[in-house]
Amino acid sequence: MLTIDRETSPKSDISSLYRRVSLLLVTSMLTGCVVGPDYEKPSLSMPAKWSSKDKSPAKAPQLHEWWRRLDDPVLDDLVARAVQDNLDVAVAKAKIREARATTREQVGGLFPTVSSSASATRSKTAASTDQSASTSSQFQAGFDSSWELDLFGKNRRGIEAARFGEQATEEALQDTLVTLIGDVAAYYVQAREYQELVDLAERSSRSQRQTVQLTKKLLNEGYATMGDVTKAEAQAAYTEADIPSYKISYAHYVHRVSVLTGQPPSALDAVLGKKRKIPSPPASTSTGIPADILVNRPDIREAERELAQYTARIGQAQANRYPSISLSGSIDTSGGSLSDIGRKSTIGWSIGPSINIPLFQGGKLQAAVDVAKAQRDQYYFAYQSAVLSAMEDVQNAIVAVNQSRIRQSRLAVSAQRYRHTLQVSTELNKTGDSDLFSLLDTERSLYSVEEDLIETRSDVATYYISLNKALGGGWSREIDSSKPAITDVREGPHLASAK
């Protein structure tokens, strides 16, 4: 550490040192010297299409408010509520404010710091044999300033890292919205699914109870046995047993949607209690090309910004291995009274550079650089992993949507055939031309097929939601994250309250 005091140093040495420091400062500011690697976005090899079997031209995915294509106004309202009031979104907004404040804090490191101080003392000298007692006052005021020159870009790299981190938090908010909207839509579909399953079980059990009454009538007429009656009763009871299970699942999904919208679990009971069909997605969905996810998926953009952030931190660590220069200065004035300050007072000042040269740190500084590089490599692999996982999500969703549509069409045909068979069997059984076992088996099969059909219709909608999530569909409108959630009062000096 070298400090030059104006009052004690030779004039020629000071002038020479000032010139050298000034030249170094000007050169640094003009050239913008930094150390460490400059960030470059990774170049990844992406396939041309999602499936090698698909020969049709790829259309850009339509991700803008994709949930509206489910044509369900209740769902539209729930999504808007969730974006406004969800607590995970609120946390993500707070993290953005934190990151922005961190950037401002780093920017402040480029500027000089100035502080002031003042003191007042009063002293008394006791009387002696040849001198009477005396009282004196001393008042002192001063200013201190320091400025660390960013010769090797340590502060600039810090600002880069902070800004990249700020951008990463903004992408994290968008990723939170993608997940939130997808979850609200998926849980809403699940709630409608179990609502339909409850309705199906109630309808089927009523029909099976009618079969029980018919069987009892045939028993009285001698066309059925007591075993036939117990079989019919058992099947009706078994169907009725599904109703409580379905109602439990329905309640779980309704409560989950309510919490996602920032409300108590039972807040949506009345809204979702009004029956609606499972939302039906459009017949086809454009998926674009794999390279689109690099732009559309916020989690990939977040991972890329984090890679940039940790690349900049390497420069911060490397800058610590180079010399640093700080300029510091102070002005002090003192007097016997306040009126003397600045007029009859003693004024002193000093200015000079401080040079810090890291000669030996036991390998600590180089180890810090190695740590920073290892962290950068981790985020590089995390970025690649995010891309691969995104591709997997999209490919799985494409297969699931397509295969679920095929399953739905086959089940619809099966349900239609079983309904016709049940109608014929019921009419024949009334006249005694058909055995009861055939009727009960048809009822059981129809119930099972209709149950599968409802679940598959739900699967189609759910996989459509998953596909849009995988493609990066989220909230495209502006989100204001500048306002704190809590308004603090009495932040200035005040008496502490005991609590």
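The values are calculated or read from the model by the stated rules, or taken from the named source; none is laboratory data. The model shown is predicted, which means the values in this text are computed figures rather than measured ones. Neighbour counts are summed over all protein chains in view; Cβ atoms, including those assigned to glycine, are modelled from backbone coordinates with ideal geometry. We work out accessible area using only protein heavy atoms, side chains counted, and drop any ligands, DNA or RNA first. Shrake-Rupley method; radii C 1.70, N 1.55, O 1.52, S 1.80 Å.
Points worth noting:
- Rounded to the nearest angstrom and listed largest first, the equivalent-ellipsoid semi-axes of segment 401-499 from its Cα gyration tensor are 62, 22, 9.
- Protection proxy ranking of 251-259, 112-120, 143-151, 416-424 - average other beta-carbon atoms within 10 Å, highest first: 251-259, 143-151, 416-424, 112-120
- Counting protein heavy atoms only, the chain has 53 percent of its accessible area on carbon and sulfur, 1.4 angstrom probe.
- Calculated P(r) of the chain - Cα pairs past 30 Å, %: 69 percent
- Unit charges on C-beta of K, R, D, E only; dipole of the chain, Debye: 900 debye
- Approximate shape of segment 103-244 as ellipsoid semi-axes (Cα gyration tensor, √5λ), whole Å, largest first: 95, 28, 9
- Counted charge near residue 391, where neighbours are those whose Cβ lies closer than 13 Å (Asp, Glu -1; Lys, Arg +1): -2
- Computed with a 1.4 Å probe over protein heavy atoms only, the accessible surface of the chain comes to 58 Å² per residue.
- Taking the C-alpha atoms only, the angle from helix 436-471 to the longest principal axis of the chain is near 20 degrees.
- For segment 134-281, averaging the sequence separation of C-alpha pairs within contact (under 8 Å, six or more residues apart) and dividing by the residue count gives a relative contact order of 27 percent.
- Cα long-axis angle, helix 226-260 against the chain (0 to 90 degrees, to the nearest 10): 20 degrees
- Over 17 Å [Cα-Cα, segment 278-426], rounded percent: 80 percent
- Subset of 41/93; 95/274; 274/483; 231/274; 59/275; 277/469 violating a 32 Å alpha-carbon distance limit: 95/274; 274/483; 231/274; 59/275
- Relative intensity, log₁₀ I(q)/I(0), of segment 68-147 from a Debye sum that treats every alpha carbon as a point, q = 0.14, 0.21, 0.24 Å⁻¹: -0.79, -1.01, -1.08
- Cα gyration tensor category, rounded, prolate or oblate, for segment 169-293 with a/c compared to 1.5: prolate
- Rounded to 10°, Cα long-axis angle of helix 154-221 versus longest principal axis of the chain: 20 degrees
- Dipole of segment 61-116, positive direction: furthest Cα of 89, 67, 106, with charges on the beta-carbon: 106
- Relative contact order, percent, the chain [alpha-carbon distance under 8 Å, six or more residues apart]: 26 percent
- Shape parameters for segment 251-324, alpha-carbon atoms, Rg then Dmax in Å: 23.7, 73
- Debye intensity ratio in log₁₀ form over the Cα atoms of segment 188-254, taken at each q of 0.13, 0.19, 0.20 Å⁻¹: -0.45, -0.69, -0.73
- Segment 450-489 and segment 170-188 have Cα centres spaced 4 Å apart.
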